[in-house]
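Take a look at the structure set out below.
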Amino acid sequence: MDPVTAVAAAGVALVAKGALESAGQEAGRSGWNGGARLVERIRARFRGNADAEGALDRVTGTPDDEDARQTLERQLAAHMLLDPDFETEIRRLVDEAVAARGGAQISAALIKNAQVFNGKVEVQGDWKTS
């Protein structure tokens, strides 16, 4: 998976996670208010493109819809490839989201079969698996 696609996948996972949290009234407790900034920045970039706007609306309306997330990921990646400044901004917002949530904690259920490339992972303290 190329870096732009990876960032787009992470961005879509964050949009979907934010929508799920909002539906569950957990958004205020999540500790990260950048979700709204991410969605609004994407919405501003997509303005005037009915297909892209529709993809974003589908994910925010039904965040567990796999087809909607894949469509939004393709739209987001395409816009990022066309505009390096937009790519940089989305990358920054995604990085802020990961940091605010205490590290890379994007739910695997949201990204399903996407390959995710992470940096070095360190584990400290007691670690138990079950």
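The values are calculated or read from the model by the stated rules, or taken from the named source; none is laboratory data. Since the model is a prediction, treat every value here as computed from it, not as a measurement. FYI the Cβ positions are ideal-geometry reconstructions off the backbone, even for glycines, and counts take in every protein chain you see.
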From the set of residues in the stretch 1-36 that are charged (D, E, K, R) and not in a loop (DSSP other than H, G, I, E, B), which is modelled with the lowest pLDDT?
-> R29
Identify, by number, the condition in (1) within 20 Å of D2 (Cα to Cα); (2) without any contact (Cβ under 8 Å) to a residue 60 or more places away in the chain that R91 doesn't meet.
-> (2)
Scanning the stretch 70-85 for residues that are acidic (D, E) and assigned to a helix (DSSP H, G or I), which turns out nearest to D57 (Cα to Cα)?
-> E73
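I'd like the full set of residues that are of a type outside the set (V, I, T) and surrounded by 12 or more Cβ atoms within 10 Å (Cβ to Cβ), limited to the stretch 75-91.
So in the stretch 75-91, the residues of a type outside the set (V, I, T) come out as 75-87, 89, 91.
Once the filter is applied, which keeps residues that are of a type outside the set (V, I, T) and surrounded by 12 or more Cβ atoms within 10 Å (Cβ to Cβ), the stretch 75-91 yields Q75, L76, A77, A78, H79, M80, L81, D83, F86, E87, E89, R91.
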For the stretch 90-109, indicate whether the set of residues that are modelled with pLDDT under 75, closer than 11 Å to A9 by Cα, in a loop (DSSP other than H, G, I, E, B) and not hydroxyl-bearing (S, T, Y) is non-empty.
-> yes
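For the stretch 59-69, which residues satisfy the criterion of being in a helix (DSSP H, G or I) and either within 14 Å of the chain's Cα centre (by Cα) or among the polar types (S, T, N, Q) (or both)? Steps first, answer last, please.
Kept after step one, since they are in a helix (DSSP H, G or I), are these residues of the stretch 59-69: 59-61, 66-69.
Across the stretch 59-69, the qualifying residues are V59, T60, E66, A68, R69.
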Among residues belonging to the stretch 40-51 that are of a type outside the set (F, W, Y) and touching a Leu at 6+ places or on another chain (Cβ under 8 Å), point out the one that is surrounded by the fewest Cβ atoms within 10 Å (Cβ to Cβ).
-> R43
